[in-house]
Amino acid sequence: MSAATTTRSRTARTPVPDRLCAEAVDLARAAAEEAAAPGVVGEHIGVVSEGDRVVTHYFEAKEPGYRGWRWAVTVARASRAKNVTLDETVLLPGDDALLAPEWVPWSERLRPGDMGPGDLLPTEAEDLRLEPGWTGEDEPPPNSVVSEELAELVDSEDAELTDRPVAATSRGSIAAVADELGTRRARVLSRYGLYAAADRWDEAFGPKTPMAQAAPATCVSCAFLIPMAGSLKQAFGVCANEFGPADGHVVSLAYGCGGHSEAAVMPAPPKPAPHALDTVRVDAYSLRPERGGGSVPAETDGASEDLGHS
């Protein structure tokens, strides 16, 4: 390969900036200041050839919050023309530019506690945490033969099976039974939804938390624990201790805190010792000694009266 061929190939990959376009720094600065504002366009920091007679001038950007950004002004010149014209002006980030974080959908940005009064949180139709509940589609027609178990339930509810259509919420119907069992909802929690909720509760108020590690006993033996219904009652309950850190929260049965009902029972008040001197009862004292008691006779003789003795 000759030297001329090598030079030609390098020129095709990195064309030399056009001289007139490279010298049009003032034109590029004026365009950048017109797009931005005077005083926010900094020093000229470089020029890059974009092609034949096409050059981009870069200026430092001084706008607050745009650290590392730069104004890029592209100029061009027609073939055999001496006038340089403006192509475009744009603000571009540099290698060390301060960029905004990657956009994240709202469903992934939402955190517990973000909802306020009046906010509506839509739920996806294919949410893995939910599964279809009882919709009434599987309910047998009114004139069909029902199972013996349902017939016994109907008898216990004093309902009658007739060939006439009955209301969806009449006593003894499948809809009424579904209402009582709490399953007459469009969707209910799936097994995945139960596990996800259990993981969150166990992470917040579970046995691995520092509070539970220092607790004298677990919540399973605490009198302030309110049992839950359903399958989660085997592992969780609700704390009802107003002075505890988990008051009103779902806690694991293996969780614990210093507010355990039996951790530090206050002793009964001490019973005072009986008084050595009875100061409550009133003692009766007679003003005169009883007759016949003592060494002084009850009646005086005559001789003593003459002498003035009593």
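General remarks:
Per-residue answers, yes or no, for (1) closer than 28 Å to Leu189 by Cα; (2) in a strand (DSSP E or B); (3) aromatic (Phe, Trp, Tyr); (4) open to solvent by less than 40 Å² (accessible area, probe 1.4 Å):
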site: Asp202; (1), (2), (3), (4): yes, no, no, no
site: Pro207; (1), (2), (3), (4): yes, no, no, no
site: Pro216; (1), (2), (3), (4): no, no, no, no
site: Val220; (1), (2), (3), (4): yes, no, no, no
site: Ala223; (1), (2), (3), (4): no, no, no, no
site: Ala229; (1), (2), (3), (4): yes, no, no, no
site: Leu232; (1), (2), (3), (4): yes, no, no, yes
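- Positions within segment 11-63 being of a type in the set (S, T, N, Q) and open to solvent by 40 Å² or more (accessible area, probe 1.4 Å), in sequence order: Thr11, Thr14
- For segment 82-91, the count of residues that are open to solvent by less than 80 Å² (accessible area, probe 1.4 Å), more than 30 Å from Ala196 (Cβ to Cβ) and of a type in the set (Lys, Arg) is zero.
- Segment 239-253, residues that are part of a strand (DSSP E or B) and over 13 Å from Thr218 (Cβ atoms): Asp247, Val250
- Once segment 64-81 is narrowed to residues that are open to solvent by 40 Å² or more (accessible area, probe 1.4 Å) and hydrophobic (A, V, I, L, M, F, W, C), the residue that is nearest to Ala22 (Cα to Cα) is Ala78.
- Residue list for segment 54-88, filter: touching a strand residue (DSSP E or B) at 6+ places or on another chain (Cβ under 9 Å) and basic (Lys, Arg): Lys62, Arg67, Arg70, Arg77
The values are calculated or read from the model by the stated rules, or taken from the named source; none is laboratory data. These numbers come from a predicted model, not from an experiment. Positions of Cβ are generated from backbone atoms using ideal geometry, with glycine treated the same way; all protein chains shown enter the neighbour counts. To get the accessible areas, we keep the full protein, side chains included, count just its heavy atoms, and leave off ligands, DNA and RNA. Shrake-Rupley method; radii C 1.70, N 1.55, O 1.52, S 1.80 Å.
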